[in-house]
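**Q** Please read through the structure below; I'll follow up with questions.
The values are calculated or read from the model by the stated rules, or taken from the named source; none is laboratory data. Quick caveat, the model's predicted, so the values are computed rather than measured. FYI the Cβ positions are ideal-geometry reconstructions off the backbone, even for glycines, and counts take in every protein chain you see.
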Amino acid sequence: MHITILRLGHRHMRDKRISTHIGLVARAFGADKLVLDVRDPEVRDSIKKVDNEWGPSLEIEVAEDCMEYIKDFKGDRIHLTMYGININDCINEIRKTGRDKLVIIGGKKVPSEVYSLVDHNVAIGNQPHSEVAALAVFLDRLFQGAELERKFDGRKKIIPQERGKKVIEFF
Ligand code: SAM
């Protein structure tokens with residue numbers, strides 16, 4: 001199951017950090033590709049820097065036309081929004097198709113067309129919070145925790161410890 005994250009509404013001045021965090025969550029929580037709606041080299045470079053140290057995993061792309069991207073996607077299209085169906089009531093159905101997934105998250109106001117283009121509008125609870133939190137919870141519930149055991153073939157690797165920090169570096 002290949003997972004693509006589409007981040008809508010990226011604003012160059014305000015959203016660099018949050019879009020970078022979306023990329024880091026996508027990569028650490030089992031997604032394969034991040035699609036942004038605008039080209040922002042700083043966001044790309046920050047995510048690639050982490051990839052270079054900790055293991056390559058995330059493909060990054062810019063969509064020329066996001067609505068066309070959503071329409072053309074082959075697989076399940078899922079929009080995360082507080083107005084959707086509570087994840088508790090739909091995640092089993094979404095998981096069991098086994099099809100590739102496009103997970104759409106917003107920033108500023110999401111165009112109303114998105115709500116009707118997708119197969120599922122999913123709420124991580126029906127309260128407003130954050131696109132980063134929504135994405136992390138969605139992916140964790142989709143993979144039921146298995147994504148946290150994923151192996152990254154990086155230059156650096158953490159040896160988990162009760163206390164302190166142990167990192168092996170491969171050259
Ligand atoms: N009015 C927005 C909405 O539809 O969820 C909240 C805007 S929030 C600043 C930006 C993004 O965070 C939203 O587009 C959505 O993808 C995500 N988000 C925030 N709260 C959410 C929730 N409870 N469930 C799912 N996604 C959420």
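**Q** From the list Glu169, Glu147, Glu162, which residue is closer than 30 Å to Ile85 by Cβ, out of contact with any His (no Cβ under 7 Å at 6 or more places or on another chain) and not small (Gly, Ala, Ser)?
**A** Testing whether each residue is closer than 30 Å to Ile85 by Cβ, out of contact with any His (no Cβ under 7 Å at 6 or more places or on another chain) and not small (Gly, Ala, Ser) leaves just Glu147.
**Q** What pairs come up if the first residue lies in segment 1-17 and is closer than 24 Å to Leu142 by Cα, the second is of a type in the set (S, T, N, Q), and their beta carbons are under 7 Å apart, counting only those six or more places apart or on different chains?
**A** Partner pairs satisfying both residue conditions: Arg7/Ser19.
**Q** Take segment 40-66 and flag every residue that is touching a Ser or Thr at 6+ places or on another chain (Cβ under 7 Å) and either aromatic (Phe, Trp, Tyr) or modelled with pLDDT of 95 or more (or both).
**A** none
**Q** I would also like to ask the following. Among the residues of segment 105-115, is any within 21 Å of Leu80 (Cα to Cα), touching an Asp or Glu at 6+ places or on another chain (Cβ under 8 Å), outside any loop (DSSP other than H, G, I, E, B) and β-branched (Val, Ile, Thr)?
**A** yes
**Q** Moving on to the next point. Out of Ser57, Ser46, Ser112, which single residue is free of Cβ contacts under 8 Å to residues at least 12 places away in the same chain and either within 12 Å of the ligand (Cβ to nearest atom) or surrounded by 16 or more Cβ atoms within 10 Å (Cβ to Cβ) (or both)?
**A** Ser112
**Q** Go through the residues of segment 77-99 one by one and say whether even a single one is at negative phi, of a type in the set (Gly, Ala, Ser) and touching a Gly at 6+ places or on another chain (Cβ under 8 Å).
**A** no
**Q** Restricting to segment 25-37, and then to whatever is within 16 Å of the ligand (Cβ to nearest atom) and not aromatic (Phe, Trp, Tyr), can you tell me which residue is nearest to Met67 (Cα to Cα)?
**A** This residue is Asp37.
**Q** Separate question: Kindly check whether there is at least one residue in segment 152-167 that is within 15 Å of Val25 (Cα to Cα), surrounded by fewer than 18 Cβ atoms within 10 Å (Cβ to Cβ) and more than 16 Å from the ligand (Cβ to nearest atom).
**A** yes
**Q** Since Phe138 meets every condition but one in (1) closer than 17 Å to Phe29 by Cα; (2) away from the ligand (no atom under 12 Å from the Cβ), which condition does it not meet?
**A** (2)
**Q** Let me ask something additional. Go through segment 115-135 and give me each residue that's surrounded by 11 or more Cβ atoms within 10 Å (Cβ to Cβ) and away from the ligand (no atom under 11 Å from the Cβ).
**A** Hits for segment 115-135 are Leu117, Val118, Asp119, His120.
**Q** Looking at segment 70-92, which of the residues that are within 11 Å of Val114 (Cα to Cα) and not in a strand (DSSP E or B) is nearest to the ligand (Cβ to nearest atom)?
**A** Taking the candidates together, the pick is Ile70.
**Q** Conditions first: (1) closer than 22 Å to Met1 by Cβ; (2) surrounded by 12 or more Cβ atoms within 10 Å (Cβ to Cβ). Asn88 passes all but one, so which condition is the exception?
**A** (2)
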